[in-house]
Amino acid sequence: SWVIEGSNTGDKWEELDSQSEPAILSGKSITHVFEIKNKGKTPKYFRYLQIRQTGVNTSYEHYLNLSALEYFGRIVEATQ
């Protein structure tokens, strides 16, 4: 289980998406694409993104193992 969060300051985070015990990942060498749930809302831009584990993994350990992580989006120049 995990949550993906965005921030522009690095100290106040906004939840973008979360997954709770996704059964699709149970097994060896499994890959899956998860789309951000709030995609249809008004677009927001973030300077920082983080993924935070919120529960145990399929081995009942507090260990988040990622072999690859990709975020897709646009880079926007900051306005003064």
Output the qualifying pairs, or none if there are none: Cβ atoms under 9 angstrom, residues six or more apart or on different chains, first residue in the range 61-80 and farther than 14 Å from Ile36 by Cβ, second residue outside any loop (DSSP other than H, G, I, E, B) and open to solvent by less than 100 Å² (accessible area, probe 1.4 Å). His62/Gln53; Tyr63/Gln53; Leu64/Trp2; Leu64/Ile51; Leu64/Gln53; Leu66/Ile51
Residue by residue through the range 15-32, note down the ones that are exposed (fewer than 12 other Cβ atoms within 10 Å of the Cβ) and touching an Asp or Glu at 6+ places or on another chain (Cβ under 9 Å). none
Could you please give the count of residues in the range 34-55 that are closer than 18 Å to Trp2 by Cα and either touching a residue at least 40 places away in the same chain (Cβ under 8 Å) or open to solvent by 100 Å² or more (accessible area, probe 1.4 Å) (or both)? 11
Cβ-Cβ under 7 Å, sequence separation 6+ or interchain: first residue in the range 11-28 and within 12 Å of Thr54 (Cβ to Cβ), partner open to solvent by 70 Å² or more (accessible area, probe 1.4 Å) and hydrophobic (A, V, I, L, M, F, W, C). Which pairs? none
Positions within the range 40-78 being in contact with a Leu (Cβ under 9 Å, 6 or more places away or on another chain) and of a type in the set (Lys, Arg), in sequence order: Lys44, Arg52
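The values are calculated or read from the model by the stated rules, or taken from the named source; none is laboratory data. In this text the structure is predicted, and so the values were computed from the model without any measurement. Virtual Cβ from ideal backbone geometry, glycine too; neighbours counted across all protein chains shown. The protein model used for the area step is the full one, side chains on, heavy atoms only, and it has no ligands, DNA or RNA in it. Shrake-Rupley method; radii C 1.70, N 1.55, O 1.52, S 1.80 Å.
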